[in-house]
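Just so it is clear, none of the values below were taken in a lab; they were calculated from the coordinates. All values derive from a computational prediction rather than experimental measurement. Here Cβ is always computed from backbone atoms with ideal geometry, including for glycine, and neighbour counts include all displayed protein chains.
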Amino acid sequence: MDFALSEEQELFRTAIRKYMNDLDRTAFARSVISGNLDVVANATSGLAEMGVTAIPVSEEVDGLGLGALDLVPVFEETGRVLLPGLQLETLALAVPLLESFGTPAQKAARLPSVASGESSVSIAWYERDGSLFPNSFSCIAGKTESGYALTGTKTLVPVIGDPDTFITGAQTAEGKSLFLVKASDVASSRMLSVLDETQQLAEITLNQAPGELLGEPGHAAEMLKEGLLHFNAALCSSMVGGMDELVKMTAEYAKIRVQFNQPIGRFQAIKHGIVNMKLDLETARSLSYYAAWAVETNATDKAAAVHSARSFISKAFIKAAADSIQIHGGIGFTEELDVQLYLKRARYYENYFGSVRDSRRATAQSLEWHSTPAKRDAVPVS
Amino acid sequence: MDFTFTKKEEKFRGELRGWLEVNLPKGWLQGDRKLPEDNEHYSKFLRDWQRTLYEGGWAAISWPKEYGGRDATLMEEIIYHQEMVRVQSPPLVNYIGIHMVAPTLMQMGTDAQKEEFIEKILTGEQVWSQGYSEPGAGSDLTALQTTAVKKDGKWVINGQKVWTSFAHLADRCFLLTKTSQSEKKHEGITVFLLDMDQEGVETRPIVQMDGHQEFNEVYLTDAIATDEDIVGEEGKGWAVLIALMLHERSGIAAQVFTLEQQFDSVIEMAKTVRVNGCLLIEDPFVEDGLADLYARINGAKLNYYRNITHTLKNGRPGPESSLDKLLVSELTKELFDFAMTIQGHAGVLMNDDSVFSAEMQGQYLASFGATIGGGTSEVQRNTIGERILGLPKDLGR
Ligand SMILES: Cc1cc2nc3c(=O)[nH]c(=O)nc-3n(C[C@H](O)[C@H](O)[C@H](O)COP(=O)(O)OP(=O)(O)OC[C@H]3O[C@@H](n4cnc5c(N)ncnc54)[C@H](O)[C@@H]3O)c2cc1C
């Protein structure tokens, strides 16, 4: 039994944390809010120097060929300071999709520049009706002599730090299909106003934009679901980082804020509230580690591991932030205190590529609760 | 990260499984797990079971070989609990003796105490209880009022204990008393190994809300003990108490695995019970709630695995292991609360009339004890807040 990150992974965490401290922690997130977007590129190149962007990329295309567990400390630490950027979308969704479904030529064309930190890739998936798995896309991909041309509008597209490529979904004769589209081929885009101002979302319009098919046509949903297992495991780590910071901040404040001649942390309503945050944090951490392990080792309960982690952590992150605001009192309601940034980030992630309800339904399905299979053996994974 | 068991560990598991198949009470594995109702037969049944465990070398595997244990590793202990939960083995009547009292005596008992008690604890000849709580001293044990006064070379003990588990079956009691009044509340406490078979000790069973009678009132009226019955030093009982608590290193394992098993049984129910022609699990409310519980129960188990890993690496549990009891006991309550809800009105039926399992309604009622016994959830939260998060101490603590 060894349920812990390895020594190297913990060392790597220390290095990333130090770098995040050098970046002055949430200062980068706040720079984005005040309109200074240069910081995003700075952070990406800093992370690239440390080798972060090469972690999930296979060695044949200049990466390190490491697994989901090696991303755990990275995303916990970037999540802890709400680092703005497309690290999750690029490293935990685009890379797994390209690695799993891309042709050798597609990988060779894109992954080396991802590994070196020069390129980031985003996902243009949602359409205006907002559903994650619509029956069909209104964005149409028509066949041309050299490939496909895409026409339609995508929304809720993360564009922070100027991604050069979008992975997008469009309707073909076979059904819903995945495509790679160059950002420079986007006809027009409109920035959307977002609750979490450390994010940038756009509505983008494609007008006969050249698209390169990714994987089998007609299988976009299955491919995205597979990619989302990687993404959700990483997203969970990022949220755990945020929760960890919330517990720290809140406990520290409860020790120094004095009312009625005593630190408020002595009042049990406050003390027990923070302990409950801590309980959720530890459960979240365990679930996120296990999800990453299951993804990395392709465990039989991989889907249940990821979906159950996501369902729990999405909710727990919001709750931790909300409770932290209350425990801080008036200062908690201010723009000045970072806690509000965490609340907005938690809300941003709640329904990002799937809701809590979706994750729970997926948990039930992956555990085959709706059929009648043999009972789970009481003896765990071995 | 690695969840596999070593060959040696698997061999250990195989050995235990093989032994259980042959030695569990007749019909047990086939599902006939009814324990005798009346006290005498109940007591005999459980003592016999412990005797069987002892003869097979399975009563106290974590003990050193010299005392009749197996020097089991932490992982072997965990496997042991897993297997015992898997077959839903009869309870260990001398749990307190084996997991708490004897290890404490091995550490700080006198040679004479070791000689006199340890083997009898192992064989089940001597069953133990723990006398801490009193009417006026529950969460705050330092408020205890049971006194032991020395007269003519003997200790004379007077007072009342309450909620004393197993006292009705026990031969001895690990008893907390006050031997001197001191300004400092943790001083003047002395632990006695009290012989319960004497005139000055009267045990009255208390009926629990689940209908069982597992805990008791114990009245001490001029009960007698000797210097030889004192554990550690006179007046330094608090340190003994802390030492005893530290010995209970794997008890939570059984609770973690039991919770997992109980969850599986609720899933079975949701997959087999129909309401209005529709399986419970097809109701989105049921599916959603169970998936939420799955995440949290699995999370609690994984927390425990993380804590085991810490112990294996560092030789002692980390601070976070104090979260396990709180999480597991609270989740058990929530699980059965939800299980009751989804059964509809027929959920009020119990025993053989129960919708799904004859045990479930009783388990629901029993779940309320777990967040009180062994330190209430509120007290656990105080401890976690103060020890792990460094929050200021409660006034009066
Ligand atoms: C099934 C079961 C088995 C038991 N077995 C034994 C046994 O074998 N031997 C034995 O000695 N005892 C045993 N007990 C007793 C158990 O240890 C006590 O019930 C427990 O410690 C609580 O004490 P109390 O009942 O006096 O409650 P109280 O201490 O009076 O608590 C009442 C309420 O006040 C809360 N409270 C108390 N202090 C604080 C605080 N500082 N901050 C916040 N809230 C607080 C409690 O959480 C609780 O909600 C058992 C209890 C149960 C339920």
Helix-derived mean residue ellipticity, 222 nm - over chain A, DSSP H n ≥ 4, -39500 (n - 2.57), to 500: -16000 deg cm²/dmol
Gaussian network model of chain B, Cα within-10 Å springs - most flexible of B:I267, B:I242, B:I61: B:I242
Residues of type lysines that A:K319 reaches as a straight line, Cα spacing below 16 Å, ignoring anything fewer than 8 places off in the same chain: A:K248, A:K271, A:K278, A:K344
Pairs of lysine residues in region B:130-268 - Cα separation under 16 Å, sequence separation of 8 or more or cross-chain: 7
Separation of alpha-carbon centers, region B:290-351 and region B:96-160, rounded to whole Å: 31
Order of A:C236, B:C173 - criterion: other Cβ atoms within 10 Å of each residue's Cβ, fewest first: B:C173, A:C236
Fewest-first sequence of B:L327, A:L343 by Cβ atoms within 10 Å of each Cβ: A:L343, B:L327
Ordering of A:84-94, B:75-85, A:8-18, B:342-352 by burial proxy (mean other Cβ atoms within 10 Å per residue, highest first): A:84-94, B:75-85, A:8-18, B:342-352
Spatially near lysine pairs across region B:253-387, Cα under 19 Å, sequence gap of 8 or more or different chains: 4
Förster-model FRET efficiency, 25 Å R0, B:E228 and B:N39, C-beta, rounded to 0.05: 0.25
Relative contact order computed over region A:121-218 (Cα-Cα under 8 Å; 6+ residues apart), in percent: 32
All lysines inside 17 Å of B:K26 as judged from Cα atoms, apart from same-chain residues fewer than 8 positions distant: B:K34, B:K44
Förster radius 30 Å - calculated FRET efficiency between B:K11 and B:D32 (Cβ-Cβ, nearest 0.05): 0.50
Magnitude of the charge dipole, region A:7-115, Cβ model with Lys/Arg +1 and Asp/Glu -1, debye to 20: 380
Rounded to 5, the percent of DSSP beta bridges in chain A classed as antiparallel: 85
Distance from region A:336-372 to region A:130-185 (C-alpha centre basis), Å: 25
Normalised contact order of chain B, rounded percent, pairs of Cα under 8 Å and 6 or more residues apart: 11
Estimated dipole of the protein assembly as shown in Debye, rounded to 20 [Cβ of Lys and Arg +1, of Asp and Glu -1, Cα centre]: 980
Selected from A:F231, A:S366, A:M277, residue furthest toward positive end of dipole (region A:222-366; charges at beta carbon): A:M277
Unit charges on C-beta of K, R, D, E only; dipole of chain B, Debye: 900
Shape category assigned to region A:222-366 from the gyration tensor of Cα positions, a/c cut at 1.5: prolate
Computed [θ] at 222 nm, helices only, for chain B once each DSSP H run of length n ≥ 4 contributes -39500 (n - 2.57): -13500 deg cm²/dmol
Average other protein chain Cβ within 10 Å of Cβ, residues A:269-281: 5
Where N is the number of residues in the protein assembly as shown, Cα Rg divided by 2.2 N^0.38 Å: 1.09
For A:1-12, mean number of other protein chain Cβ atoms within 10 Å: 4
Anisotropy class of region B:34-140 from Cα gyration tensor, a/c 1.5 cut: rounded
Cα→Cβ-extended label distance, 7 Å offset, between A:Q365 and A:S131, nm: 1.3
Farthest positive-ward along region A:222-366 dipole, Cα basis, beta-carbon charges - from A:F267, A:S314, A:Y290: A:F267
Relative contact order (%) - chain A, alpha-carbon pairs under 8 angstrom, separation at least six: 15
